[in-house]
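Asker: Once you've had a glance at the structure underneath, I'll fire off some questions.
FYI, it's all coordinate maths here, none of it is from the lab. These figures come from a predicted structure and were not determined experimentally. Every residue, glycine among them, receives a Cβ derived from its backbone with ideal geometry; neighbour counts consider all protein chains shown.
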Amino acid sequence: MAEAIRDPLKLQAQVNEFQRLGQQLQILDAQEQQLNFLIDELKQAQEELKKSSGAIYKAAGHLLIEIDKKSATEEVIEKLELYQNRLKSLQKQRDSMKQKFNELRQTIESSIAEQKNVSE
């Protein structure tokens, strides 16, 4: 069990940190969803490139530029690897943050429970 905090100012600081971590976890979850979406899109593009036998076009600003299949495939694979690496990094960061979040929650809960017991 986490050690209780008796100083109200320290407890408030821990509560503030807990809230901040909660907000950051929400942001990381949104980023993870976005990366998963991009990864799924790239995997779909990769499958379409495998089936493709016609011309392939790449968006460059407001223009579509024709590129060869090999270049398009390499580009998709490169982006896919980049996003997958970012996702792994993000998940490690989130796991570490989630562990600290849970530890803080336990500390805060035990501190509040102890204060209730003292006041009764």
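Asker: Consider Gln19 against the criteria (1) closer than 30 Å to Arg6 by Cα; (2) in contact (Cβ under 8 Å) with a residue 12 or more places away in the chain: it satisfies all of them except one. Which criterion is unmet?
Answerer: (2) is the only condition that Gln19 fails.
Asker: Still on this structure, please answer the following. Can you pull out the residues in region 1-26 that are over 22 Å from the mean Cα position of the chain (by Cα) and assigned to a helix (DSSP H, G or I)?
Answerer: Pro8, Leu9, Lys10, Leu11, Gln12, Ala13, Gln14, Val15
Asker: Among the residues in region 47-57, are any within 12 Å of the chain's Cα centre (by Cα) and of a type in the set (D, E, K, R)? Before you say what the answer is, go through the steps one by one.
Answerer: Here is the first cut: in region 47-57, the residues within 12 Å of the chain's Cα centre (by Cα) are none.
No, every residue in region 47-57 fails to be within 12 Å of the chain's Cα centre (by Cα) and of a type in the set (D, E, K, R).
Asker: Let me ask something else. Tell me whether region 27-40 contains one or more residues that are surrounded by fewer than 12 Cβ atoms within 10 Å (Cβ to Cβ) and part of a loop (DSSP other than H, G, I, E, B).
Answerer: no
Asker: Go through Lys79, Lys70 for me and flag whichever is free of Cβ contacts under 8 Å to residues at least 60 places away in the same chain, of a type in the set (Lys, Arg) and surrounded by 15 or more Cβ atoms within 10 Å (Cβ to Cβ).
Answerer: Being free of Cβ contacts under 8 Å to residues at least 60 places away in the same chain, of a type in the set (Lys, Arg) and surrounded by 15 or more Cβ atoms within 10 Å (Cβ to Cβ) holds for just one of Lys79, Lys70, which is Lys79.
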